[in-house]
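> One structure coming up, written as C-alpha cells, with questions to follow.
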Amino acid sequence: MTDTSPDTVVRVHAFTDDALGADDATGVAARIASGEISASEAVEAALARLESVGVLHAVAHPDFDRARAFARSPGKGVFAGVPTVVKDNTDVAGLPSDQGSRAVHSRPARRNSPVTDQYLSTGVISLAKSRMPEFGLNASTEFEHDPATPNPWDTRFSAGASSGGSAALVAAGVVPIAHANDGGGSIRIPAAACGLVGLKFTRGRELPDDHAEQMPVNLVSNGALTRTVRDTAAFAAQVEKYRPAPRLRPIGHVEGPSGRRMRIGLVDRSISELPVDDETRAAVLDTAQRLEALGHEVVPIGLPLPEKDLVAFKDDFVHYWSLLGFALTKFGRRIMSPDFEASELESLTTGLSRRFQRNFWRTPAALWRLRASEAKYRAAFADRGLDAMLSPTVAHTTPELGHLSPALGFDVLFPRLVRWVAFTPLNNATGGPAISLPVTSTSAGLPLGIQLSADHGDEATLLELAYELEADRAFARIQDA
C-alpha cells in the first residue's frame, strides 16, 4: 500500500488483512501455535507483502523456496513459524554474503554462521538476505551505482544503516522481526529512522559472528529489529536460552515494567561535540520529563564520560573506522572472498583506507584507548550512581536520500556521517548495552528515536524502561500515520 499527501510524502507499507495482520512476532507465533493460521500461511503472506513493496529494494538474496519448505515443518522456539530475514553480512548456508558490496563476488556459504543458528533458534523462517550498505561502513543504505533502500515512512528519506534493509522490511510490515547487527549503531540508527525497537546487547551476550572475532576490538553485536518491546524481550530471552553468556548477569524473560524507580543520567552533548538539532533535543527532554512523571530521577550529566576522554574517543573511533576500510581494501581476498575485486569498491571504503594510511602511526595508541574505554564507561555508572543513561540515538533527524550517498565522494560524505552518528559508537567500543526507542515523530512525520544505555549485563533495566515508555505513549504505527 502506498500513501501520498499533498506535501509529496510517499509512505509505503504492506499491512493488510492477511495471515500476518497487524500482529508483532509474538502475536503471529501465538496464532500459529494455536492453529488459527499455519506457518505456511504466514510465509506466503510475507512473500506477497514483499512483492507489494518492491520500491524499498530491501532484499539482497531471496531464499523463497527454502522458506516455503521450512514452513511445512516449522521448528520450535518462541517465534516458531514467523517469517524473517537475515542481514547480508551474516552467513546462511547456501546463500552468498556479499556484504552490500559489488566488490565481494562471494560464493554460497557452506554453513550457517554460529550467530545465524542462534538467531534461527527462535523458530523464525528466513525468506531472504536483507540489503546493507558496503561492509556496513555507511549509516544510510545507499550505493554509488545501485538504488538505495528508502524509508517506508517517506521514501524520500533514508532508512538508516547498516541494517537498513531489515529495518525497512519490519517497518513496512513485510516481516515482524528481522536480524540486524551493530558495529557503530547499525541496529539503533535504522531503528530510530524507521520507528522500531533496536537493542544492542552487551558485548559477549550473543555468539560472535565470524568476522567480529578477527577484529582487534570487537565492536559488533548481533540482534534483531522489532516493532514492540515484548518481541525484543522475548528474543533476548531466547538468545540467552540458546547459550547463557559467560560472566554476564542473566537477562531473563522481561515481561513488563519494573516497580523499581531508577536514577537516569541525561546526556545532552555528543561525543563529536557537534550540535544536536532542535527536534532531537526536544524529544530527549520530553522523554526525560515523561520518565520523571513516572517517578524516576533524571539528572543532567552533560557527557557520558569525562570530556578529555571523549575528545580522544572520537578521533580513535574514526581511526578504527578507517582501519576497517584499509583492511577491506588491502586484504579483501583473504577476508571476504577469493573473487574479491578492489576496483569495484565504493568511495567511502577507499576514502577510509586512504585516511588510515595517512595516520597509520596512531593505531597502537588508538586501540589501547578504545579497549580502555570499557572500564571508564562502567565507572561512569558506578561513580554517579546511575541505573541508565538517556541520550539521542543520532544527532539530528533522518536525512533525505542523497545526503549520505557514497556518490558524493569521501570528502563530502564522511564529515556528514561523523556528525549524524555522534552517540551510538560509544557503546560499541565500550561493549555496553543500549536500546533505541521510537518515542515521537518529527515535524515531517518521520519517526524520531531516543537511546537508553546501561552498564554491562543490564539489558533487563533497558527493557523495563522501554516497556514503561511504550505503555505510557504507544509507538506510532506506519499504517495509522
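The values are calculated or read from the model by the stated rules, or taken from the named source; none is laboratory data. Note that the structure is a prediction, hence the values are computed from the model and not measured. All Cβ positions, glycine included, derive from the backbone under ideal geometry; neighbour counts span all protein chains shown.
> Name the single residue that is nearest to residue 147 (Cα to Cα) among those in region 74-115 being buried (at least 24 other Cβ atoms within 10 Å of the Cβ) and of a type in the set (Ser, Thr, Tyr).
101
> Restricting attention to region 25-39, does a residue exist that is within 20 Å of residue 168 (Cα to Cα) and of a type in the set (Lys, Arg)?
Scanning region 25-39 turns up no residue that is within 20 Å of residue 168 (Cα to Cα) and of a type in the set (Lys, Arg).
> Looking for something closer than 24 Å to residue 370 by Cβ and aliphatic (A, V, I, L, M) - is there at least one such residue anywhere in region 439-452?
The first filter runs over region 439-452 and keeps only residues closer than 24 Å to residue 370 by Cβ, leaving 451-452.
Still in the running and aliphatic (A, V, I, L, M): 452.
Yes.
> Give region 409-424 a look and list any residue that's surrounded by fewer than 24 Cβ atoms within 10 Å (Cβ to Cβ) and in contact (Cβ under 8 Å) with a residue 12 or more places away in the chain, or say none.
Step one: of region 409-424, the residues surrounded by fewer than 24 Cβ atoms within 10 Å (Cβ to Cβ) are 409-419.
Passing the criteria: 409, 410, 411, 413, 414, 416, 417, 418, 419.
> Of these, 464, 470, which one is within 17 Å of residue 195 (Cβ to Cβ) and part of a helix (DSSP H, G or I)?
Working: 464 fails: within 17 Å of residue 195 (Cβ to Cβ).
Going through 464, 470 in turn, the sole match is 470.
> Of these, 42, 48, 69, 19, which one is of a type in the set (A, V, I, L, M) and part of a loop (DSSP other than H, G, I, E, B)?
19
> Sort through 93, 69 and tell me the only one that's among the hydrophobic types (A, V, I, L, M, F, W, C) and without any contact (Cβ under 8 Å) to a residue 12 or more places away in the chain.
Numbers: 93 fails: without any contact (Cβ under 8 Å) to a residue 12 or more places away in the chain.
None of the others qualify; the one that does is 69.
> When the residues of region 116-130 are narrowed to those that are small (Gly, Ala, Ser) and over 19 Å from the mean Cα position of the chain (by Cα), which ends up surrounded by the fewest Cβ atoms within 10 Å (Cβ to Cβ)?
For region 116-130, the residue satisfying everything is 121.
> Please verify whether region 234-251 includes one or more residues that are under 16 Å from residue 436 (Cβ atoms), at pLDDT 95 or above and surrounded by 19 or more Cβ atoms within 10 Å (Cβ to Cβ).
Yes: one or more hits.
Rundown of residues vs (1) surrounded by 21 or more Cβ atoms within 10 Å (Cβ to Cβ); (2) within 23 Å of the chain's Cα centre (by Cα); (3) not small (Gly, Ala, Ser), yes/no style:
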| residue | (1), (2), (3) |
| --- | --- |
| 314 | no, yes, yes |
| 321 | yes, yes, yes |
| 326 | no, no, yes |
| 330 | no, no, yes |
| 333 | no, no, yes |
| 338 | no, no, yes |
| 343 | no, no, no |
| 346 | yes, yes, yes |
| 350 | no, no, yes |
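> While we're here: Return the residues of region 300-309 that are of a type outside the set (A, V, I, L, M, F, W, C), in contact (Cβ under 8 Å) with a residue 60 or more places away in the chain and either within 18 Å of residue 419 (Cα to Cα) or surrounded by 13 or more Cβ atoms within 10 Å (Cβ to Cβ) (or both); say none if nothing qualifies. Show your work before the answer.
If we filter region 300-309 for residues that are of a type outside the set (A, V, I, L, M, F, W, C), which is where we start, we get 300, 302, 304, 306-309.
Subset that is in contact (Cβ under 8 Å) with a residue 60 or more places away in the chain: 304, 306, 309.
Across region 300-309, the qualifying residues are 304, 309.
> Mind counting the residues in region 421-474 that are among the acidic types (Asp, Glu) and closer than 30 Å to residue 10 by Cβ? Give the derivation first.
Filtering region 421-474 down to residues among the acidic types (Asp, Glu) leaves 455, 458-459, 464, 468, 470, 472.
With the extra rule that they be closer than 30 Å to residue 10 by Cβ, the set shrinks to 470.
Within region 421-474, residues that are among the acidic types (Asp, Glu) and closer than 30 Å to residue 10 by Cβ number 1.
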